[in-house]
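Just so it is clear, none of the values below were taken in a lab; they were calculated from the coordinates. Computed from a prediction, not measured in an experiment: that's the story for all the values here. Neighbour counts run over all protein chains shown; Cβ positions are idealised from the backbone, glycine included.
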Amino acid sequence: MVHNEERYMAVVALLAALLIASHAQQENAAGMVQNFSYWFLRIAAQSLLFFVIRSVIEKYFQERLTFTTITVLAILISHLPFVLSVTAVDIVLGYPELGIGASAEVSQSRSRALFLEMIYLADNHIALCLLLSIPRWILRNAAPTSLPGQDQPAGTLLAGLTPPLDGQVIWVEAQEHYVRLTTDNENRLVLARFSDVIREFPNDTGMQVHRSHWISQKAIVAHQKSGQNMSLELTTGDIVPVSRAYQQKLIEFLNR
């Protein structure tokens, strides 16, 4: 999905730059190319800022915040760095920004000018970020049909996978809107909520050890602790971190 969003971002930046550049009055082809390049890079940078900030929010707060809240926060937080980056580029290119280059009579407070610039660019930023959120919105709304039985009682989500899982699940890892299921015999990425998947496993077979990891007891080879940090070595050879909030519970679970 990340690669698809990157391609979508590039297409949006390309089309938006073409649309804006086509409305600018240019005397020659060189001016048109320069204008197009400016708008393409500006929109691409704006899109990248939004994606990076949204990814950070999703990484740490996905289980606690809704899709709408994450999107709104990403738009608000990315707005200031977007305005600052645009202003910096415009100053380098010699465009009048924040009163720089203006006469003393017409120059104004830089902070006030920046505030006005943020207001001026707000509708542009909101519109583009909402446009860039379309793939994630489609993905979110497609999730119920991606896993047969997802809306049915607990215990049927994994059973409804096509083709069926080969072997018993020993490790569940959250990856944005997907979960990676590792069994005795295969490794599969499916579209589902991490919390919904781990809810299907009995408490005596394994436990959640991190906000993004559930581990089956049979998959644990050893556990190591260094200072405040703890990790698990799995039968797959992977090392999985254990959050501090789960460390004591994990030790009690292993010593049953």
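Couplings 3J(HN,Hα) of the range 177-183, computed from phi: 8, 10, 10, 9, 9, 10, 10 Hz, in residue order, whole Hz [Karplus 6.51 cos²θ - 1.76 cosθ + 1.60, θ = phi - 60°; x for Gly and Pro].
Relative protection proxy for 163-175, 38-50, from highest mean packing down: 38-50, 163-175 (other beta-carbon atoms within 10 angstrom).
For the range 152-254, what's the relative contact order in percent, using C-alpha pairs closer than 8 Å and at least 6 residues apart?
On the way: 167 pairs, mean separation 18.9, N = 103.
Normalised by residue count, the contact order of the range 152-254 is 18 percent.
Summarised in one figure, the compactness ratio Rg/Rh of the range 152-254, Cα atoms and Kirkwood Rh, is 0.96.
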